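Beneath this line is the structure, given in structure tokens, with notes to follow.
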Amino acid sequence: MSGRRTRVLTFRYVGALLAVAAFLIAEQFVVQAALDRQEGDARVVNIAGRQRMLSQRLSMLMLALEADGRNDATVAALSQVADEWEHSHIALQQLSNSSVIRELFAQIDSDHRAMLAAARSVTASPSVVLAHQDAFLAGMDRIVAQYEREARQRVVELRRTELVLLLLVLGVLGLEGLFVFRPAVKGLRAHLAERDRAQRELLTVSDREQRRIAEDIHDGLSQQLVGVSYLVKSLASTDPRVAEIGRLLGESIDHTRGLTRSLYSPILELEGLVPALRDLAAYTERAFRVDCHVHAEPIELPMPQRGEIYRIAREAVINAGKHSRATSIEIELERSSSTLVLTIRDDGVGMSRNHAGLGLHLMESRANMLGATLAISPGEPRGTVVTCTIPLTEHQA
Amino acid sequence: MSATTRVLLVDDHPIVRYGFVQLLAMATDLEVCGQAADAQTTIELLPDTRPDVVVLDVVLGNTNGIDLIREIKDKLPDATVLVVSMHDEQLYAERALRAGASGYLMKQEATET
């Protein structure tokens with residue numbers, strides 16, 4: 001993915017996150033405000049209901065006063081109820097009421113005043129209070145009902161606001177999926193495909209180059225050494241140094257053959273995987289002075305697949321021969337109904353992933369190209385076991 | 001067969017042919033009657049040189065030495081064809097013998113026999 005594209009996606013992603021955060025914060029404010037209001041509504045409905053009760057208590061106290069004569073306790077109770085009733089009435093009107101409620105309060109204002117004036121005047125007849133009580137109670141019922149209606153309306157509005165905020169959040173997440181995640185996943189897929197393609201190309205080029213170098217050594221240096229060794233032999237000298245030169249030339253020829261063999265196996269192309277593995281084992285025995293055996297039944301595989309399996313085996317075997325101080329290396333190829341399992345087992349000092357380096361990386365890349373899994377584990381009781389499990393096609397199984 | 005065995009050397013590497021010539025010169029009963037670097041020259045040389053033995057490599061540049069063995073045996077059925085190659089016996093020996101060669105030697109082992 002290009003830098004510009006990445007920046008655009010980052011910008012969109014951060015934008016979406018900020019939008020979601022903003023909506024969630026807004027939702028919190030709305031919910032908290034609604035809860036506060038709800039608490040206030042409950043208190044108001046309660047006070048309004050209480051006003052109703054206080055007006056009735058006011059009537060009862062005045063009737064008691066008339067029946068029992070002036071009784072200090074009753075007078076004091078009447079005064080207290082009247083104070084409370086008046087304060088609550090004023091408090092209710094001072095709230096941020098709707099115009100409907102203000103109008104309803106205005107309708108009972110005269111009744112409230114008349115009842116309050118009668119309660120304040122000790123000599124007034126209870127009939128004044130009783131005359132206004134029904135109208136006041138009916139008015140208060142209307143006010144309580146209106147308060148409740150308005151509270152319910154606010155709950156409905158809150159639900160609607162919540163729903164809108166939820167839809168906005170979901171919308172932002174949807175847009176994020178469409179304009180951030182989808183292009184990001186698409187870009188990632190393309191990037192991974194490009195990486196795999198580059199890796200395959202790299203391995204192909206590397207294999208081709210190794211083959212070219214092997215052929216160059218075989219046709220050039222090896223032939224030169226052979227020609228020179230014939231010349232040395234033709235000297236028929238008794239000089240021990242000449243014999244030594246002949247011996248060294250022989251070693252050099254063996255060495256160059258081993259080198260070409262490690263770079264490229266013509267047997268793999270002409271004879272197949274198992275003969276190539278047996279040849280690799282023979283070379284390994286000579287080159288690293290270890291026992292190396294192949295346990296495998298012949299198997300027919302197409303060239304690219306055969307080549308990759310051989311190169312994984314070669315990497316593991318040469319790695320074991322070079323670095324593990326093994327005395328024995330076993331190469332196994334086992335076929336089941338759906339897989340082919342290549343196992344390279346040595347009895348050396350073991351291999352850590354850190355030391356495996358490029359060789360392990362190449363083995364993993366090749367396994368990846370085969371759609372195979374590569375596992376490296378410690379051997380029993382020592383050494384390393386490299387296992388490559390290759391899926392077989394229906395045709396091969 | 002004459003008293004000396006006439007040998008035709010076929011190898012696309014001059015240094016190998018040169019070494020071989022020097023090596024064979026040590027034997028009094030062997031005579032190098034000709035040298036060739038490719039199949040066509042080999043076929044052209046056959047009527048004049050009439051070799052008893054043809055020593056050849058199975059890979060001659062881009063040409064196939066196995067086909068050349070058949071052609072030599074076709075033109076000179078009595079000639080002995082001996083393959084001396086850097087390539088593994090495993091790869092070519094059986095095919096070379098089936099094509100008419102009498103033996104297959106690895107180049108680095110040729111001087112030891």
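The values are calculated or read from the model by the stated rules, or taken from the named source; none is laboratory data. Please read all numbers here as calculations on a predicted model, not as lab measurements. Note that each Cβ is placed from the backbone with ideal geometry, even for glycine, and that neighbours are counted across all protein chains shown.
See the values below:
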| quantity | calculated |
| --- | --- |
| Test set (1) assigned by TED's automatic domain parsing to the domain that holds residue A:20; (2) within 54 Å of the chain's Cα centre (by Cα) - residue A:194 fails condition number | (1) |
| Test: residue in segment A:201-213 that is within 14 Å of chain B (Cβ to nearest Cβ), touching a Leu at 6+ places or on another chain (Cβ under 9 Å) and free of Cβ contacts under 8 Å to residues at least 60 places away in the same chain | no |
| Given (1) out of contact with any Gly (no Cβ under 7 Å at 6 or more places or on another chain); (2) crowded, with 19+ Cβ neighbours inside 10 Å; (3) of a type in the set (A, V, I, L, M, F, W, C), number of the condition residue A:326 does not satisfy | (1) |
| Some residue of segment A:330-344 being touching a Leu at 6+ places or on another chain (Cβ under 9 Å), of a type in the set (Ser, Thr, Tyr) and within 22 Å of residue A:199 (Cα to Cα) | no |
| Subset of segment A:370-381 (residues that are touching a Pro at 6+ places or on another chain (Cβ under 9 Å) and crowded, with 18+ Cβ neighbours inside 10 Å) | A:370, A:372 |
| Among the residues listed as A:117, A:42, the single one being over 60 Å from the mean Cα position of the chain (by Cα), modelled with pLDDT under 90 and in the same structural domain as residue A:148 (by TED's automatic domain parsing) | A:117 |
| Residue A:278 within 11 Å of chain B (Cβ to nearest Cβ), under 57 Å from the mean Cα position of the chain (by Cα), surrounded by fewer than 19 Cβ atoms within 10 Å (Cβ to Cβ) and more than 30 Å from residue B:30 (Cβ to Cβ) | yes |
| Hey, residue A:193 within 14 Å of chain B (Cβ to nearest Cβ) and either out of contact with any helix residue (DSSP H, G or I) (no Cβ under 7 Å at 6 or more places or on another chain) or assigned to a helix (DSSP H, G or I) (or both) or not | no |
| Yes/no for residue A:291 being more than 13 Å from every other protein chain (Cβ to nearest Cβ), over 48 Å from the mean Cα position of the chain (by Cα) and of a type in the set (D, E, K, R) | yes |
| Selection from segment A:66-104 of residues that are within 60 Å of the chain's Cα centre (by Cα) and either of a type in the set (Phe, Trp, Tyr) or not in a helix (DSSP H, G or I) (or both) | A:95, A:96, A:97, A:98 |
| Every residue from segment A:345-382 that is at pLDDT 90 or above, assigned to a loop (DSSP other than H, G, I, E, B) and within 19 Å of residue A:291 (Cα to Cα) | A:347 |
| Strands (runs of 3 or more DSSP E) lying entirely in segment B:16-113 (those with 1 or more residues that are within 11 Å of chain A (Cβ to nearest Cβ)) | B:80-85, B:103-106 |
| Any chance residue B:10 is buried (at least 18 other Cβ atoms within 10 Å of the Cβ), modelled with pLDDT of 95 or more, more than 19 Å from residue A:226 (Cα to Cα) and touching a Lys or Arg at 6+ places or on another chain (Cβ under 9 Å) | no |
| Single residue of A:285, A:300 found to be over 18 Å from residue A:389 (Cβ atoms) and assigned to a helix (DSSP H, G or I) | A:285 |
| Check on residue B:3, closer than 27 Å to residue A:215 by Cβ, out of contact with any Lys or Arg (no Cβ under 7 Å at 6 or more places or on another chain) and more than 9 Å from chain A (Cβ to nearest Cβ) | no |
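Here is a yes/no grid of residues against (1) exposed (fewer than 15 other Cβ atoms within 10 Å of the Cβ); (2) more than 21 Å from residue B:93 (Cα to Cα):
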| residue | (1), (2) |
| --- | --- |
| B:37 | no, no |
| B:46 | no, yes |
| B:53 | no, no |
| B:78 | yes, no |
